[in-house]
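First the structure, in the form of structure tokens, and then the observations on it.
The numbers here are math on the coordinates, done by the rules we state, and not lab data. As the structure is a computational prediction, the values presented were derived from the model and not from experiment. No Cβ is skipped: glycine too gets one built from the backbone with ideal geometry, and neighbour counts run over all protein chains shown.
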Amino acid sequence: MIAPRRFLPSISSLLALEAVDRLGTATAAADELSLTHSAVSRQLKVLEEQLAVRLLVRDGKRLQLTPAGAAYAQSVRTILSDLARESLKVKATGSRDSLNLAILPAFGMYWLNPRLRTFCDTYPEILVNQISRVAPFDFGRENFDAALHFGARDWAGVDYLPLAEERVRAVCAPGFAEDLPVSPQRLLTMPLLHLESRSGAWEQWFHQHGCDAHHLRGMLFDQFANMVEAAAAGFGAVLLPDFLASKELEAGRLVPASSGYMHAGGTYYLIWPKSTNPSAALVRLIDWLSCQSDLPDRDKPARRE
């Protein structure tokens, strides 16, 4: 048993409180919940009696939550959202095993998903759910079995499976400049697009090509997808990982802005928490991805008994 029944209000009462907090009146809450005004009022009264705490006060035609009521409504909103999400997960998964995977959007779309098709065909009983995360998070607080990570082995408390190194190239729209591809010296004078998570990438690229570049300015983006669209629209040249640039080059939306590649100095990993034993479904994914890695001399994770 999780808790005594007296601490577990009905879903109807919680929905009524959340709606009144968000909408401001019992009438608006009743319309949204397809209830009568009196039904919403009864639900709120029952909730206050059950908790023995004043949650609302009337301010003219509006219902104003007390500080205790506002704090409780915020917690209720989070719990109801989590419950709805978990219910959707159960409905979508059915009787199959599921994995919740936090992905880096571009790498997940262009590197992982084409390979994942074979995994899903091989293990139709496993459903891989994907949710974008571009920054590290706490596995203890988020409902993820594993994640994609780029950079160094700097995520504490996880095991690593190396998947690919990042090799980048400079690309731009076909009409961005005359006589493409241009020299690095000429590219240095043109508009450049930057990614927040790759600070200093252009400086590193120019340094590798023998150009002194400091304090470069230009449009800033938080995800590759938006930056690619801006580049295709002619706003500037962009550094893209080869797995993403190759798709755009094949489609003809982008062309090489300058020749040559650059190793970005980071690695893409699949990571999962050391604090818990991986499920059978995750072990299958780890073993399968270890055979898909682009790294010829990778270190495979030790099997955990």
Which of (i) 48, 28, 17; (ii) 34, 24, 20; (iii) 29, 23, 19 gives semi-axes √(5λ) of the Cα gyration tensor in Å as computed here? It is (i)
Please list the non-local residues whose amide H lies under 5 Å from the amide H of Ser258, H modeled 1.01 Å from N, same-chain partners needing a gap of 5 or more. Ala170, Val182
Along each of its three principal axes, how wide is the spread of alpha-carbon positions in the stretch 5-93, in whole angstrom units, largest first? 47, 27, 19
Using a 7 Å offset from the Cα along the Cα-to-Cβ direction at both Ser75 and Thr36, what is the distance between the two label points in nm, to one decimal? 3.2
Dipole of the chain (Lys/Arg Cβ +1, Asp/Glu Cβ -1, origin at the Cα centre): which of Leu63, Ala102, Pro162 lies farthest to the positive side? Leu63
What does the helix-only formula give at 222 nm for the chain: each DSSP H stretch with n ≥ 4 adding -39500 (n - 2.57), the total divided by the residues, and the result rounded to the nearest 500 deg cm²/dmol? -11500 deg cm²/dmol
Segment Ser10-Gln223, length gained on full extension (0.36 nm per residue, minus Cα span): 72.5 nm
Between Glu165 and Leu83, how high is the FRET efficiency from 1/(1 + (r/R0)^6) when r is the Cβ-Cβ distance and R₀ = 30 Å? Nearest 0.05. 0.15
Selected from Arg198, Arg62, Arg85 as most flexible by GNM, with the chain as the system and alpha-carbon contacts under 10 Å: Arg62
In whole percent, what relative contact order does the chain give with Cα contacts below 8 Å and a gap of six or more residues? 21
Amide proton proximity set for Gly266, modelled H, under 5 Å, gap of 5+: Glu166
What is the fewest-to-most order of Tyr261, Tyr72, Tyr110 by other Cβ atoms lying within 10 Å of their Cβ? Tyr261, Tyr110, Tyr72
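Could you give the semi-axes, largest first, of the ellipsoid that matches the stretch 165-263, computed as the square roots of 5 times the alpha carbon gyration tensor eigenvalues and rounded to whole Å?
Gyration-tensor ellipsoid for the stretch 165-263: 17, 15, 13 Å.
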